[in-house]
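Taking it in order: structure first as C-alpha cells, then the write-up.
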Amino acid sequence: MLSRAYSCVLNGLDGDITEVEVDISNGLPALNIVGLPDVAVKESKERIRAAIKNSGFDFPLKRITINLAPANTKKEGTHFDLSMALGILQASEQLENADIEKFAFIGELSLNGKLNKITGALPLVIGLRNQGIKKIILPIENADEGAMIEDVEIYPCDHLSNVIEYLKGEVGIDPYKANIHITKEYDPKEDFSNVRGQELIKRAFEIAAAGGHNILMIGPPGSGKTMLARCFPSILPEMTYEECLEVTKIYSVAGELSNHLSLIQKRPFRAPHHTISSTALVGGGRKPKPGEVSLSHYGVLFLDELPEFERRVLEMLRQPIEDEEVTVARLYGNFTYPSKFILLASMNPCPCGYYGDSSHECTCTPTQIKKYLSKISGPLLDRIDMHIEVSPISYEELSKEREGKSSTQMRQSVEKARKSQLTRYKSDRILFNSQLNGNQMKKYCKLEEQEKKLMENAFDKLGLSARAYTRIIKLSRTIADLDGSQEIKTNHIAEAIQYRSLDRKFWGA
C-alpha cells in the first residue's frame, strides 16, 4: 500500500515542502530511504523502527521504500522522523480513517517514541505556511517558536502515540497560541553615562547607530575602545516585529535559540575572538549554517583588535558589507543568508600600541608599523564609513563627578532620526541611510552649489574613491537627520568628511 505525508526541508533560511511517500510491498524485510538523504536521515530508520514498536504498534516486516520528493534536493536533519513513521503506519493500515495529508509533520523521534526538539522550526513553519499548509504538528518544545506565525495552526505533541491518537480522533488537541509580547523595556549592561569624556566619540557612535554606518576606532591601549563598543547596543533603536522574526529565523537555523527564548527582541551584538575561522565568520561548512555576519543581522558585529584577525578572514567581510547578504555555494545548492549589520571594529595604531601617543613613546620601527597596519587592506578600509581616533583621557576628565551624556538621551536622538528615515524610505524597502543606492541618493541626498563645491575640494585634496564619496554623502544625510534637517547643509558635509580623513594619518593614503 502507498501513503503520503508532508514535511519540509530547509534551503538556507527558506523552507520547501517535502512529500514523504511510503510504499510497502512483499519481499525480504528492508527499509530504504531515497531522495538524497543525508546521514542523519538515513539513520532515522533505526529510530523509526524502535519508536513504532515502543509506542505499541507493529513495524511491518516487509519491503518498505520511502521517497523524499523532490528527489533532486538534498534532505538534511532529523525532523523527517515523524512524517516517515506516520507514513509507514498508514501504509501498513494501522492508521486508518486518518487524513494525514491535511497536516505537515516535523519532529525527531526518540527510541521510546518521544518527540524531541529540533532546530530550524520557525523557518520550517514559515516555509510550509507560504506554500499553503496551515496545520502543523511538531514537538511540544518547539510550540512557542512555531506559534510566532499567527496564521497557522500549531498542534504540539510530546509522543508519537499522542499524534496517532489525535489523528484517529481519540483525543482532541487545541491549536497552540503563543503569548507574543514585544517588550519596550531595555536594561543594557553598559551605559554611556559611565564613560568619562570622549564626547566626540559618543557623537560618532550616535551617527553610526542612527544611519547604520560602519565604524573603526583607532587608539592606544586603555583609551576606552572596548568599553565604548560595549555601550553601543544601549543606543540602538528597538526592533520591529518583522525584524525580530527575521533574526529569530537565523538563530533557529543555527541552533542558537535557548529553550526559554522563542522570539529574539534585542538587536544582536556579536564579538567573535580573533582566532575565528572564515567559515565561522561568514557561514558555510559541510552542512551550511549562518556565520557571525548573519548572526549579527540587524545588530552589531564587533571585531576587537582588528589586525590580530587573519587577513584572509577579514577580506571575506568585503562582500557581506557591500551586498548585505552571504551566498554559500555547495554541490547540491546555493544557500543565501542576510547580513545587514553594523561593523564596529577597534585597533591599536601599531604593535606596541603607542604610535602617535603624546604620553608614551612608541618602540616600533617604521617597518613594524607598516606591516601591522597593512593587515587592514585598502578595499576593506574603504567600506568602513567612519574612522575615529580614540585618545586617552586626562585625570581631570576621569575624576569628574558629573556624568556624561547617557545612553537614554543618545537613544532618543537615534530613534528620532531612524523614524524620519523609515518615513522617507517607506516605498523603497530600505531601513536606513547606509543602504541607499545610486538612484535613491539622487532623490534623497541633493546638494546645493556650496555643498557640491565642498565635496569637490575634499575629493581632490583627500584623493577619495567613488565609494568613499558616496559614503560621505550617506553619512551627511544621517547627520542632517539627527539635526532634524530635510536638506544636507555645509556643516553636515564637513562633519562627515572629518570621519573619512583619519586613514591618511595612519595609512598615508
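The values are calculated or read from the model by the stated rules, or taken from the named source; none is laboratory data. These figures come from a predicted structure and were not determined experimentally. Quick reminder, even Gly has a Cβ in these numbers, built from the backbone with ideal geometry, and neighbours come from all protein chains shown. SASA here: full protein model, heavy atoms, side chains in, ligands and nucleic acids out. Shrake-Rupley method; radii C 1.70, N 1.55, O 1.52, S 1.80 Å.
Remarks
- Conditions (1) surrounded by 23 or more Cβ atoms within 10 Å (Cβ to Cβ); (2) more than 19 Å from residue 75 (Cα to Cα); (3) touching an Asp or Glu at 6+ places or on another chain (Cβ under 7 Å); number of the one not met by residue 122: (2)
- Single residue of region 82-118 satisfying the filter (in a loop (DSSP other than H, G, I, E, B) and of a type in the set (D, E, K, R)) that is surrounded by the most Cβ atoms within 10 Å (Cβ to Cβ): 117
- Candidates 454, 422 - the one that is among the hydrophobic types (A, V, I, L, M, F, W, C), more than 27 Å from residue 348 (Cα to Cα) and more than 32 Å from the chain's Cα centre (by Cα): 454
- Residues in region 34-48 that are touching a Leu at 6+ places or on another chain (Cβ under 7 Å) and either among the polar types (S, T, N, Q) or under 20 Å from residue 160 (Cα atoms) (or both): 45, 47, 48.
Here's the yes/no breakdown for (1) within 19 Å of residue 379 (Cα to Cα); (2) touching a Gly at 6+ places or on another chain (Cβ under 8 Å); (3) buried (at least 20 other Cβ atoms within 10 Å of the Cβ):
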| site | (1), (2), (3) |
| --- | --- |
| 319 | yes, no, no |
| 324 | yes, no, no |
| 331 | no, no, no |
| 336 | no, yes, no |
| 345 | yes, no, yes |
| 348 | no, yes, yes |
| 352 | no, no, no |
| 355 | no, no, yes |
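- Scan of region 391-436 for residues that are over 17 Å from residue 474 (Cα atoms), of a type outside the set (D, E, K, R) and at pLDDT 90 or above, ordered by number: 410, 412, 413
- Condition check for residue 63: out of contact with any Cys (no Cβ under 9 Å at 6 or more places or on another chain) and either within 19 Å of residue 164 (Cβ to Cβ) or among the hydroxyl-bearing types (Ser, Thr, Tyr) (or both): no
- Residue within region 65-73 that is buried (at least 16 other Cβ atoms within 10 Å of the Cβ) and at pLDDT below 90 present: yes
- Flag if residue 465 is touching a strand residue (DSSP E or B) at 6+ places or on another chain (Cβ under 9 Å), open to solvent by 20 Å² or more (accessible area, probe 1.4 Å) and over 30 Å from residue 238 (Cα atoms): no
- Residue that is closer than 24 Å to residue 3 by Cα and either open to solvent by 50 Å² or more (accessible area, probe 1.4 Å) or not in a strand (DSSP E or B) (or both), where the choices are 150, 165: 165
- Positions within region 437-453 being at pLDDT 90 or above and open to solvent by less than 50 Å² (accessible area, probe 1.4 Å), in sequence order: 440, 441, 444, 445, 447, 451
- Cross-chain or 6+ apart pairs with Cβ under 7 Å, region 201-223 first and touching a residue at least 24 places away in the same chain (Cβ under 8 Å), then of a type in the set (Lys, Arg) and assigned to a loop (DSSP other than H, G, I, E, B): 202/405; 214/383
- For first residues located in region 71-97 and under 30 Å from residue 331 (Cβ atoms), partners that are polar (S, T, N, Q) and lie 6+ apart or on another chain with Cβ distances below 6 Å form the pairs 80/7; 81/44; 83/7; 87/3.
- Criterion: within 29 Å of the chain's Cα centre (by Cα) and more than 18 Å from residue 248 (Cα to Cα) - qualifying residue of 131, 94: 131
- Some residue of region 263-284 being at positive phi, in a loop (DSSP other than H, G, I, E, B) and either of a type outside the set (S, T, N, Q) or surrounded by fewer than 22 Cβ atoms within 10 Å (Cβ to Cβ) (or both): no
- Residues (open to solvent by less than 40 Å² (accessible area, probe 1.4 Å) and over 16 Å from residue 214 (Cα atoms)) located in region 293-313: 295, 307, 309, 313
- The criterion of being at negative phi and surrounded by fewer than 12 Cβ atoms within 10 Å (Cβ to Cβ) does not hold for residue 433.
- Residue 193 falls short of the stated requirement of being modelled with pLDDT of 90 or more, buried (at least 16 other Cβ atoms within 10 Å of the Cβ) and among the polar types (S, T, N, Q).
- Taking every residue in region 310-324 that is touching a residue at least 40 places away in the same chain (Cβ under 8 Å) and pairing it with any residue that is of a type in the set (Ser, Thr, Tyr), at least 6 positions away or on another chain, the pairs with Cβ-Cβ distances below 6 Å are 324/339.
- Out of 58, 38, sole residue that is charged (D, E, K, R) and open to solvent by 40 Å² or more (accessible area, probe 1.4 Å): 58
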